[in-house]
Amino acid sequence: MSNVISIGDLSVGSKDTLTKAMESEGCSSSACGSSDAPEDMDPATWEKVKDHPCYSEEAHHYFARMHVAVAPACNIQCNYCNRKYDCANESRPGVVSERLTPEKAARKVIAVANEIPQLSVLGIAGPGDSAYDWKKTRETFRLVHEQLPDIKLCLSTNGLALPDHVDDLLDMNIDHVTLTINMIDPEVGTKIYPWIFWDHKRRTGLEASQILHERQMQSLDMLHERGILVKVNSVMIPGINDEHLLEVNKEVKKRGAFLHNIMPLISAPEHGTVFGLEGQRGPTAAELKKLQDACAGGANLMKHCRQCRADAVGLLGEDRGQEFTMDLVPDEVTYDPSKREAYKEWVAEERGERRAAAEEAKAETQAAVAGDAGAMLIAVATKGGGRINQHFGHATEFQIFEVDADGVRFVTHRRCDNYCVGGYGEEDKLDLVIKTLEGIDTILVAKIGDCPREDLEAAGIEAIQDYAYEYIETAVSAVYRAKAELPAAEIA
Ligand code: CLF
Ligand code: SF4
């Protein structure tokens, strides 16, 4: 078996060369991360989540997902959805560029798995409802499971049709299901769902929301009873379910959900959705954070979601879907798992070293901290592997980390436009980046030019490139100690 691994357009061999590949410009990936580790859960659960980029924040530094858009039909209408809208630059659930048959989808998965060693999960997230369009979903999973048994299968659904298929999920060894639950009070549901299609009839109003609610709770209970991990997605809609999501969080925790992912409503008139046309706004970052903070003690929150398209490919912060449209996928493809196997081995070693480095950095900070030095937010530019390895001008998002004596924690990501287009900086885009970094006064990057660095400085943001290619935790801790005027301590 060859141990040569291709990441993007790079071919590398040993651990050292692979590490360098993750650090070099040609590797397009992106990541974030925070505290979840083997010690936080039982070994069987850790085994299920350790390579899943959505279920483990740590894993999404290293592993990629892909979606295949095989399930166009939906049995409900959400006021935030318009599946007719299609834009390759658009990134929100429900949106796709091409719909696939199960056979084409399986061929595409093989093509992607051969090219992207980070791929670990195939998800079906529409563009309609994967459990309603069950025949296509099941056939796709069957074909992929038959040909690529080492790829995890993942399903995302509104839950209305799911109770009818839970036993199929067990038969196919599917152990990750996402349920979108926006309410547990059907009155709230009436403002989100104009209708559902249930038992051969279209239902509206309170009846529709009542049925949907009952089926969603039934789905959650059935999945939990069978040991299938459930992530609940909720769309936060200011003035409609924002405060209510606190109750949703408690309820789904009580019913055994593994994670709760509260996502901001994406809404604009040009999307043609009911909410978009009505001018319903999405929450601000501060409102989302406030709700997430208020959920402390409830179901564990996912904070690294990128609200992917239903045909997304790649690490969560990137979308390489345009590299794998069906016209680019050969008519015949043969699965070669060797690159992915070698990559997994590398990750097993690398993530162990990163954890050890994070512990060391934490111990160093604790030894240096006298009293309460407070917490600090620091932005980093990364394209994967848990390192500061992204050039400022190429970053499409920044990861925000909080640091104090208790260590370094991922908080959120903030998207920004590319500052550098074709090698030329564009001033108005830099202004956007500065806005994106509001409230942050330090950013760690692999490299930055003098001009943008000076402009950032004028806006009160210090860009530091001294920690290029270091682990995020090591770099963020060192900056914290320096900024809090804490001396570097000797570790016994
Ligand atoms: Fe896809 Fe969803 Fe599975 Fe992940 S996405 S079906 S659980 S493999 Fe992930 Fe994308 Fe957020 Fe979904 S970042 S939108 S949570
Ligand atoms: Fe759209 Fe999904 Fe809602 Fe169906 S369940 S209307 S596909 S967002």
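Summary of values
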read-out: Boolean, Q292 is open to solvent by 10 Å² or more (accessible area, probe 1.4 Å) and under 20 Å from C54 (Cα atoms); value: yes
read-out: Residue within segment 124-143 that is assigned to a strand (DSSP E or B) and either open to solvent by less than 10 Å² (accessible area, probe 1.4 Å) or modelled with pLDDT of 95 or more (or both) present; value: yes
read-out: Residue match in segment 298-318 (condition: away from ligand 1 (no atom under 15 Å from the Cβ) and either in contact with a strand residue (DSSP E or B) (Cβ under 6 Å, 6 or more places away or on another chain) or in a helix (DSSP H, G or I) (or both)); value: no
read-out: Residue list for segment 240-263, filter: assigned to a strand (DSSP E or B) and either open to solvent by 40 Å² or more (accessible area, probe 1.4 Å) or touching a Lys or Arg at 6+ places or on another chain (Cβ under 7 Å) (or both); value: L259, N261
read-out: Filtered residue count, segment 160-217, keeping only those that are open to solvent by less than 50 Å² (accessible area, probe 1.4 Å), at pLDDT below 95 and either within 16 Å of ligand 1 (Cβ to nearest atom) or touching a strand residue (DSSP E or B) at 6+ places or on another chain (Cβ under 8 Å) (or both); value: 4
read-out: Per-region count, segment 221-253, residues farther than 21 Å from I266 by Cβ and touching a strand residue (DSSP E or B) at 6+ places or on another chain (Cβ under 6 Å); value: 5
read-out: Tally of residues being closer than 17 Å to K135 by Cα and hydroxyl-bearing (S, T, Y) across segment 157-213; value: 1
read-out: Condition met for V230 (within 16 Å of ligand 2 (Cβ to nearest atom) and either in a helix (DSSP H, G or I) or crowded, with 18+ Cβ neighbours inside 10 Å (or both)); value: no
read-out: Within segment 402-442, tally of residues that are in contact with a helix residue (DSSP H, G or I) (Cβ under 7 Å, 6 or more places away or on another chain) and either of a type in the set (D, E) or modelled with pLDDT of 95 or more (or both); value: 2
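Here is a yes/no grid of residues against (1) assigned to a loop (DSSP other than H, G, I, E, B); (2) free of Cβ contacts under 8 Å to residues at least 12 places away in the same chain; (3) under 23 Å from the mean Cα position of the chain (by Cα); (4) buried (at least 16 other Cβ atoms within 10 Å of the Cβ):
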{"site": "P330", "(1), (2), (3), (4)": "yes, no, no, no"}
{"site": "A363", "(1), (2), (3), (4)": "no, no, no, no"}
{"site": "A367", "(1), (2), (3), (4)": "no, no, no, yes"}
{"site": "G374", "(1), (2), (3), (4)": "yes, no, no, no"}
{"site": "K383", "(1), (2), (3), (4)": "yes, no, yes, yes"}
{"site": "I400", "(1), (2), (3), (4)": "no, no, yes, yes"}
{"site": "V403", "(1), (2), (3), (4)": "no, no, yes, yes"}
{"site": "V408", "(1), (2), (3), (4)": "no, no, yes, yes"}
{"site": "T412", "(1), (2), (3), (4)": "no, no, yes, yes"}
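The values are calculated or read from the model by the stated rules, or taken from the named source; none is laboratory data. The model shown is predicted, which means the values in this text are computed figures rather than measured ones. So basically every Cβ, Gly included, is an ideal-geometry build from the backbone, and we count neighbours across all protein chains shown. Ligands, DNA and RNA are stripped out before the accessible areas are found, and what is left, the full protein with its side chains, is counted by its heavy atoms. Shrake-Rupley method; radii C 1.70, N 1.55, O 1.52, S 1.80 Å.
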